[in-house]
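Written below as C-alpha cells is the structure these notes are about.
Read the figures in this text as sums done on the coordinates, not as results from a lab. Predicted model, so just to flag it, every value in this text is computed and none were measured. Note: ideal-geometry Cβ built from the backbone for every residue, glycine included; neighbour counts use all protein chains shown.
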C-alpha cells in the first residue's frame, strides 16, 4: 500500500491538508508535524488514524507531513533516533525536532498531541 493510498483511506483530515513528504533534510521544514509511516505496520496505521482524528478537531493547526519509513536516508534516521514503525511523530520547527510522540498506545497520547501543537504555535 502506498503512502498516498493510506492517506486517502485512513486520514480523518481532508486529503489536501495532508502532504506526502519525500524525505529530504529536516532543515527544509519550517513548522510542521512529521509522521513517519510504516505502511506494513498495523500499529503505525492505527497511530495515523488517531493523530489525524485529533488534528481534525483543531482546525488551523500545523501542517501534517507523512513520509515512508522505508525511504528515510541513514542521515535522517540518525537525526530522528530509533524508529520502530509504530507511528513516530515529530514536531519540527525551523528544521529542528522540538517535540515527539512515540507511543500512541498510552492514554496520554492525546494530551501530548495538544502540548506539542502548542509548542509550534509559540514559534
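Measuring r between the beta carbons of residue 16 and residue 58 and using R0 = 25 Å, the FRET efficiency lands at 0.90.
Per residue of the chain, what 222 nm ellipticity follows from adding -39500 (n - 2.57) for every DSSP H run with n ≥ 4, rounded to the nearest 500? -11000 deg cm²/dmol, from helical runs alone. When only Cα pairs below 8 angstrom with a gap of at least 6 residues are kept, the range 21-123 shows a relative contact order of 37 percent. Taking Cα centroids, how far is the range 96-112 from the range 6-36 in Å? So the two Cα centres are separated by 17 Å.
GNM on the chain, alpha-carbon springs under 10 angstrom: the most fluctuating residue among 54, 100, 78 is 78.
Oblate is the label for the range 83-123, because a/c, from the alpha-carbon gyration tensor with a ≥ b ≥ c as root eigenvalues, is 1.5 or above and a/b does not exceed b/c. The DSSP beta bridges internal to the range 8-103 are antiparallel in roughly 55% of cases.
Cα extents for the range 3-122 along the principal axes, largest to smallest and rounded to whole angstrom: 34, 34, 29. Looking at the range 17-74, the pairs of alpha carbons with a distance over 12 Å make up 68% of the total.
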